[in-house]
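Enquirer: Here it is, the structure in full.
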Amino acid sequence: MFHASVLSFRPAVKLAAAAAVALLLNIAAPVAQAQAQTTVFAAASMTNALQDVGKLYKEKTGKDVVFSFAASSALAKQLEQGAPAGIFISADNKWMDYTEGKDLTLKATRVTPIGNSLVLIMPADKAKDVKIDKSFDWLAFLGADGKIATGLTDSVPIGVYAKTALTNLGQWDKVKDRVVGAESVRAALALVERGEAAAGIVYSTDAAIAKNVKVVATFPADSHPPVEYPYEIVKGQDNAETKAVFDFLVGPEAKAVYAKYGFVVH
């Protein structure tokens, strides 16, 4: 009886082992597929355009691109803390220089395919066109307690551009107490959309996709450094798949999408 039970048990062991192997393969397949995807850390202002570019890449190749959107400053810090990504797209040169300096991204891959402009927006129902120059009376424009929404002025690119522009126009000291710094340009945009700020300083492309806001002025180009978007591959991620995604993101089909959303294509 002992031998018979052993013999009858062996096929069951084989079947169980085969089932276990099949289960592991089924689990491993999506994991391997997920690992093969390229993750792109990108400035919040590029959300809509890059989502469209990602869909186009999927149509062309059958492969997904995963995007993580936030302020460039936050993304750079995440890379520094070891967050996994294959490509970094910053809304200014400062944070790309930072990741290069920390040996997080590959300087040799740096490309700057697009740019943007800086605009002043207001809730659409209160909008009034103005001209921004050194004589513009910001306090009269804002009223008794009106606020200006933009990014954090010491870190988030849109906020840094805004502070620089206001400083160069001789207005920063007058309005700095009226400035509300948000965690990203999209967060600043939302404050104006909801009427929680009298005005906002954002990129023209964000204003173009916003609801219930109107551009009332464009900042003089010489009041701030050019708004540029450098792209780089993250160190250790210069594999064939990441390079293919990178080439597509800076290529002609992607540039056509960027142009559609109002970015300046270089």
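The values are calculated or read from the model by the stated rules, or taken from the named source; none is laboratory data. As the structure is a prediction and not an experimental result, all values here were calculated from the model. Cβ placement follows ideal geometry from the backbone for every residue including glycine, while neighbour counts extend to all protein chains displayed. We work out accessible area using only protein heavy atoms, side chains counted, and drop any ligands, DNA or RNA first. Shrake-Rupley method; radii C 1.70, N 1.55, O 1.52, S 1.80 Å.
Enquirer: At 37 °C and a viscosity of 0.692 mPa s, what translational diffusion coefficient does Stokes-Einstein give for segment 143-266, taking Rh as the Kirkwood radius over Cα pairs? Give it in µm²/s as a whole number. If you can, show how the numbers build up before the last one.
Expert: On the way: Rh = 16.2 Å.
Taking Rh from Cα pairs, D becomes 203 µm²/s.
Enquirer: Please list 161-173, 211-223, 134-146 highest first by mean number of surrounding beta-carbon atoms within 10 Å per residue. Before the final figure, lay out each step's value.
Expert: On the way: 161-173: 19.5, 211-223: 16.2, 134-146: 12.0.
Per-residue mean Cβ counts within 10 Å order the peptides as 161-173, 211-223, 134-146.
Enquirer: What is the packing order of peptides 240-247, 153-160, 112-119, taking the mean over residues of other C-beta atoms within 10 Å and listing the highest first? Please list the in-between numbers first.
Expert: Working: 240-247: 16.0, 153-160: 23.8, 112-119: 20.6.
So the order, starting with the most tightly packed, is 153-160, 112-119, 240-247.
Enquirer: Here's something else I'd like to know. Of all accessible surface on segment 36-111 at a 1.4 Å probe, what whole percent is carbon and sulfur?
Expert: Numbers: 1610 of 3220 Å².
Carbon-and-sulfur percentage of accessible area, whole number: 50.
Enquirer: Taking the alpha-carbon set of segment 226-266, what are its Rg and Dmax in Å?
Expert: Rg then Dmax for segment 226-266, in Å: 11.8, 33.
Enquirer: Contour minus end-to-end for Ala83 and Phe136, with contour as 0.36 nm per residue of separation and end-to-end as the Cα-Cα distance?
Expert: Values: separation 53, 0.36 × 53 = 19.08 nm, distance 4.37 nm.
Contour length minus Cα-Cα distance gives 14.7 nm.
Enquirer: If each DSSP helix of 4+ residues adds -39,500 (n - 2.57) and the sum is divided by the residues in the chain, what number results at 222 nm, nearest 500 deg cm²/dmol? Walk me through the intermediate numbers first.
Expert: On the way: 11 runs with 123 residues, N = 266.
So the helix-based figure for the chain works out to -14000 deg cm²/dmol.
Enquirer: Counting only protein heavy atoms and a 1.4 Å probe, tell me what percentage of segment 140-254's accessible area is made up of carbon and sulfur.
Expert: Numbers: 2380 of 4790 Å².
The nonpolar share, carbon plus sulfur, comes to 50 percent.
Enquirer: Could you give me D for the chain, from Stokes-Einstein at 10 °C and 1.306 mPa s, where the hydrodynamic radius is the Kirkwood radius over C-alpha pairs? Units µm² s⁻¹, please. Each step should come with its number before you reach the end.
Expert: Details: Rh = 20.7 Å.
The estimated diffusion coefficient comes to 77 µm²/s.
Enquirer: Per residue, how large is the accessible surface of segment 74-160? Use a 1.4 angstrom probe and give square angstrom.
Expert: Values: 3870 Å² over 87 residues.
Computed with neighbouring chains in place, this is 44 Å² per residue.
Enquirer: Turning to a different aspect of this structure: Report, ordered by chain and residue number, the aspartates and glutamates lying within cross-link reach of Lys58, taken as a straight Cα distance under 19 Å and ignoring same-chain residues fewer than 8 apart.
Expert: Glu241, Asp247, Glu253
Enquirer: Among residues other than Ser45 whose Cβ falls under 9 Å from its Cβ, what is the net charge (Lys/Arg +1, Asp/Glu -1)?
Expert: Working: positive: Arg186; negative: Asp206.
Neighbourhood net charge equals 0.
Enquirer: Next question. Mind grabbing the accessible area of Ile132 for me, 1.4 Å probe, Å², rounded to tens?
Expert: 10 Å²
Enquirer: Need the full-extension length gain, Lys102 to Arg194, defined as separation in residues times 0.36 nm minus the C-alpha distance. One decimal, nm. Walk me through the numbers before you get to the answer.
Expert: Numbers: separation 92, 0.36 × 92 = 33.12 nm, distance 3.84 nm.
Taking 0.36 nm per residue and subtracting the Cα distance, the gain is 29.3 nm.
Enquirer: Moving on to the next point. For segment 60-184, report the translational diffusion coefficient in µm²/s to the nearest whole number, using Stokes-Einstein at 4 °C, 1.567 mPa s, and a Kirkwood Rh over Cα pairs. Walk me through the numbers on the way to the answer.
Expert: Working: Rh = 16.9 Å.
Diffusion coefficient, whole number: 77 µm²/s.
Enquirer: Could you calculate the contour length gain from Asp222 to Lys94, that is, 0.36 nm times the residue separation minus the distance between their Cα atoms, to one decimal place in nm? Don't skip to the answer; put the middle values down first.
Expert: Values: separation 128, 0.36 × 128 = 46.08 nm, distance 1.81 nm.
Result for the pair: 44.3 nm of gain on full extension.
Enquirer: Quick one: Cα centre-to-centre distance for segment 63-86 and segment 132-209, in angstrom?
Expert: 26 Å
Enquirer: Another question about this same structure. For Gly86, what charge total do you get from the other residues with a beta carbon under 10 Å from its beta carbon, if Lys and Arg give +1 and Asp and Glu give -1? Could you put the intermediate results ahead of the total?
Expert: Values: positive: Lys243; negative: Asp238, Glu241.
That works out to -1.
Enquirer: Here's a follow-up. Once you list every other residue whose beta carbon is under 11 Å from the beta carbon of Asn116, what net charge do they have if Lys and Arg are +1 and Asp and Glu are -1? Let's see the in-between values first.
Expert: Values: positive: none; negative: Asp92, Asp206, Glu228.
Once all neighbours under 11 Å are counted, the net charge is -3.
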